[in-house]
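Read the structure below first, then the notes.
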Amino acid sequence: MLTVLRGCAHVLLLSSGQARMDSPFTGVLASTLFTLVVQASAATAGVAIVLAQQGVLSLQAGMAMILGANIGTCGTSLLSAIGKQPATVRIAVTYFMFKVVGVLLWLPVLGVVEGLVMLMTPSGDVASAIANTHTLFNVFIACIFMPFVKPLAEVMCSLIPDAPPNLTRRVS
């Protein structure tokens, strides 16, 4: 875990006393790895919020951490789906895809989203804006994917079909 923390710290570059990310993609990747290790997106979000409260994390870096936390939290469900029924595996894989596609949709417009988040945060407090980012992201991806639930379920059922029935014959 210490290696992951060092890697995450390396991603943050100190500039005028405030940490920033080299690129949002790098921040998302580091945060995803950190969340995979601690197995709790709330822990990652909490770290981002505390760092912002201390004035050492910018809003964009905090937003990248929240996006990575959303991907990293899927690791728990993916691990728990190993060896389970196909329906369980479909749910875990769909959850992961849901989060990754959401992050990929957000990364190119992160600057616009940053402005929207600040409009939602009247106090202008970066820590509150980071918390609002988490809420806004999850509402956004729910709204985006809701119209596609049925077609996505059909695609996932074709990619991960139900197990064939057990054809072993019992001899009496």
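Mind jotting down the three principal axis lengths of segment 2-159 based on Cα atoms? Whole angstrom, largest first.
On the principal axes, segment 2-159 reaches 52, 36, 21 Å in Cα extent.
Which three lengths, in whole Å and largest first, does segment 98-163 cover when its Cα atoms are put on their principal axes?
Each principal axis gives a Cα extent; for segment 98-163 these are 52, 19, 19 Å.
For T135 and Q54 in the same chain, what is the full-extension length gain: residue separation times 0.36 nm, less their Cα-Cα distance, in nm?
Length gained between T135 and Q54: 27.0 nm.
Give the peptides 127-136, 102-111, 152-161 in descending order of average Cβ contacts within 10 Å, highest first.
The densest-packed peptide leads the list: 127-136, 102-111, 152-161.
Name the residue farthest towards the positive end of the dipole of segment 2-159 from the options A87, F145, F34, assuming +1 on Cβ of Lys and Arg, -1 on Cβ of Asp and Glu, about the Cα centre.
Towards the positive end, the residue furthest out is A87.
Using θ = phi - 60° and the Karplus form 6.51 cos²θ - 1.76 cosθ + 1.60, what ³J(HN,Hα) does each residue of segment 115-130 get, whole Hz, x for Gly and Pro?
x, 5, 4, 5, 5, 7, 10, x, 6, x, 6, 5, 4, 5, 5, 5
Could you tell me the center-to-center distance, by alpha carbons, between segment 22-62 and segment 80-107 in angstrom?
If we compute the Cα centre of each part, the gap is 21 Å.
Work out how much length I144 to A42 would gain on full extension: take 0.36 nm times their residue separation and subtract the Cα-Cα distance, in nm to one decimal.
Length gained, I144 through A42: 34.4 nm.
Can you list the residues, at least 5 places off or on another chain, whose amide H is less than 5 Å from the amide H of L57, using H built in the peptide plane?
Placed amide hydrogens put A19, A52 under 5 Å from L57.
Laboratory data are not the source of any read-out in this text; all were calculated from the coordinates shown. What you are looking at is a predicted structure, and each value in this text was computed from that prediction instead of being measured. Backbone-built Cβ (ideal geometry, glycine too); neighbour counts: all protein chains shown.
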